[in-house]
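Everything below concerns the one structure shown next.
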Amino acid sequence: MTPQPTQGGAPPIAAGRLWAAGAATAVVAALIAVVGILLARGVFDVPVLAPEGEGTWGDADTMTYALFCALAALIATGLLHLLLASTPRPFEFFGWIIGLATVAAAAAPFVAGGDTNSKIATTVINLAVGVAIGTLLSSAGRSAARTVY
């Protein structure tokens, strides 16, 4: 069976495959956030996202942060799906958008209050989440954009 190109000659997209990868990426992003906070607070004794008295797991902000990281992965999946369906060279645009968003997320802790160690730890976590989202979704997008039989 020969695949039918979508309107405008864009390659067909295996949307189910792309969104399954997006969901898996969301789980990875959330886990990176949780593990990063556990390492920062438990191993390096750096208070990230919670006052020092909250312990290794922190407070409700830890789970909120993890959920926002997961949401970022799902938003990135939607963006990639849109780019695959509508733009020439979608992976170049996706790379630039995710790269710049990651740089913004990495710089954000330095415009807020807090001690330098907390800012550095949050920056490292944000960078790890951004790199994971960008790399995992780029490879999933290439797989989903291949010819579907």
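The shape of region 11-144 comes out prolate: with a ≥ b ≥ c from the C-alpha gyration tensor, a/c is at least 1.5 and a/b beats b/c. Sorted fewest first by neighbouring Cβ atoms within 10 angstrom, Thr25, Thr64 come out as Thr64, Thr25.
Going from the fewest other Cβ atoms within 10 Å to the most, the residues Leu127, Leu18 appear in the order Leu127, Leu18. Each of Phe110, Phe91 was scored by other Cβ atoms within 10 Å of its Cβ. Listed from fewest to most, they are Phe110, Phe91.
None of the figures in this text is laboratory data; all of them are computed from the coordinates on show. Keep in mind that what you see is a predicted model, and the values were worked out from it rather than measured. Using ideal geometry, Cβ is built from the backbone for each residue, glycine included, and neighbour counts are taken over all protein chains shown.
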